[in-house]
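**Student:** For reference, the structure I am asking about is given below.
The values are calculated or read from the model by the stated rules, or taken from the named source; none is laboratory data. Since the model is a prediction, treat every value here as computed from it, not as a measurement. So basically every Cβ, Gly included, is an ideal-geometry build from the backbone, and we count neighbours across all protein chains shown.
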Amino acid sequence: MTVPALEAAGLRHSYGGGRMALEDAAFTVMPGHFTCLLGPNGAGKSTLFALATGLLRPTAGHVRIHGHDIALEPGKALARMGVVFQQPTLDLDLTVMQNLRYFAALHGIGRREANRRIEAELVRLSLYERAGEKVRALNGGHRRRAEIARALLHRPSLLLLDEPTVGLDIPARRTLIRHVHALCAGDGTGDDGDRIAVLWATHLIDEIDPATDHVVVLHRGRVRASGAAPAVSAAAGCATVAEAFDRLTATRPAKESSSIGEAAA
Ligand SMILES: Nc1ncnc2c1ncn2[C@@H]1O[C@H](COP(=O)(O)OP(=O)(O)OP(=O)(O)O)[C@@H](O)[C@H]1O
């Protein structure tokens, strides 16, 4: 049986004050899948990312990365994971190359191997010709692609991206989405040989490919539906994933408990 790249089960988190930011969230992200974590503002997407990356500990439940519980085996879990957080973290006054070399050094990757990997990732993301430029000189879309290249240098088999298109214009968004889909669909693999799995958080329904993507619909801390996009639409009784998203995230859902699980997929 294929081990999920990411498995969340019974995941709960409270920041205090009684309200749960996440409540019994459960879903999987499988190798080779582009999975959209879809939710309106305040749904719990960033909280889920913080739990999945070990920045926060859950009140209950667990997140396993390729079978390793992030709370119990953080080293093994993090080694398999690349992360692009919502807030950009590149050094604006270093070149793209310098930023990536620094990250590779932090991961203990030798200089020659680092150069080889950096070149390969920058070529893959159509950014190689900008390698010698300071990040400050790049537009938002190119900066995001540089961050993705950096997140792939240690050859993870799970890539987490928290609302990576925020602030980008439409062409830059489309290019970024195309590049990340190509990682899943193409020959992208982690060091372990597993195909790359992507978890892409967004509140923008048009970032989903309704034919090929998987979705996890999060609303008010609860997973309302998960599975292949066409199956989620069908299970919600909707013609499109956009309609299903509207229905599942309506302010007052028809039935509070009517979530659609993986079985629908
Ligand atoms: N540090 C915090 N302290 C207290 N409450 C928080 C904190 N961070 C988030 N919350 C609350 O937890 C809930 C989920 O927030 P979260 O940021 O995870 O949602 P989100 O889906 O990422 O939203 P957005 O799309 O606006 O970033 C919200 O009600 C939010 O107000």
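**Student:** Return yes when Arg174 is in a helix (DSSP H, G or I) and either under 30 Å from Thr47 (Cβ atoms) or assigned by TED's automatic domain parsing to the domain that holds Gly39 (or both) and no when it is not.
**Tutor:** Spelling it out, Arg174 is indeed in a helix (DSSP H, G or I) and either under 30 Å from Thr47 (Cβ atoms) or assigned by TED's automatic domain parsing to the domain that holds Gly39 (or both).
**Student:** Let me ask you something else. Name, by its number, the condition in (1) polar (S, T, N, Q); (2) modelled with pLDDT of 95 or more; (3) over 30 Å from Ala182 (Cα atoms) that does not hold for Thr35.
**Tutor:** Going through the list (1) polar (S, T, N, Q); (2) modelled with pLDDT of 95 or more; (3) over 30 Å from Ala182 (Cα atoms), Thr35 breaks only (3).
**Student:** Next question, about the same structure. Assuming Asn41 fulfils every condition listed in (1) closer than 24 Å to Val217 by Cβ; (2) polar (S, T, N, Q); (3) at pLDDT 95 or above apart from one, which condition is it?
**Tutor:** Going through the list (1) closer than 24 Å to Val217 by Cβ; (2) polar (S, T, N, Q); (3) at pLDDT 95 or above, Asn41 breaks only (3).
**Student:** Take His66 and tell me if it is surrounded by 18 or more Cβ atoms within 10 Å (Cβ to Cβ) and more than 25 Å from Val166 (Cα to Cα).
**Tutor:** yes
**Student:** Any chance segment 70-92 includes a residue that's under 24 Å from Phe49 (Cα atoms), touching a strand residue (DSSP E or B) at 6+ places or on another chain (Cβ under 6 Å) and small (Gly, Ala, Ser)?
**Tutor:** Checking segment 70-92: at least one residue is under 24 Å from Phe49 (Cα atoms), touching a strand residue (DSSP E or B) at 6+ places or on another chain (Cβ under 6 Å) and small (Gly, Ala, Ser).
**Student:** Within segment 84-97, track down each residue that is surrounded by fewer than 16 Cβ atoms within 10 Å (Cβ to Cβ) and away from the ligand (no atom under 16 Å from the Cβ).
**Tutor:** Thr89, Asp91, Leu92, Asp93, Leu94
**Student:** Sticking with this structure for a sec: Any chance you could count how many residues in segment 53-102 are touching a residue at least 24 places away in the same chain (Cβ under 8 Å), of a type outside the set (Gly, Ala, Ser) and in contact with a His (Cβ under 8 Å, 6 or more places away or on another chain)?
**Tutor:** Matching residues across segment 53-102 total 4.
**Student:** Now for a separate question. In segment 125-166, which residue that is part of a strand (DSSP E or B) and closer than 18 Å to Gly82 by Cβ is nearest to the ligand (Cβ to nearest atom)?
**Tutor:** Asp162
**Student:** Just give me the residues in segment 106-122 being surrounded by fewer than 10 Cβ atoms within 10 Å (Cβ to Cβ) and in a helix (DSSP H, G or I), in sequence order.
**Tutor:** Arg112, the sole residue that qualifies.
**Student:** Right, next: With respect to the numbered conditions (1) part of a loop (DSSP other than H, G, I, E, B); (2) within 13 Å of the ligand (Cβ to nearest atom), which one is the sole condition not fulfilled by Val217?
**Tutor:** With respect to (1) part of a loop (DSSP other than H, G, I, E, B); (2) within 13 Å of the ligand (Cβ to nearest atom), Val217 is out only on (1).
**Student:** Scan the strands (runs of 3 or more DSSP E) fully inside segment 15-83 and keep the ones with 2 or more residues being away from the ligand (no atom under 16 Å from the Cβ).
**Tutor:** Where strands (runs of 3 or more DSSP E) fall fully within segment 15-83 and carry at least 2 residues being away from the ligand (no atom under 16 Å from the Cβ), they are 20-29, 60-65.
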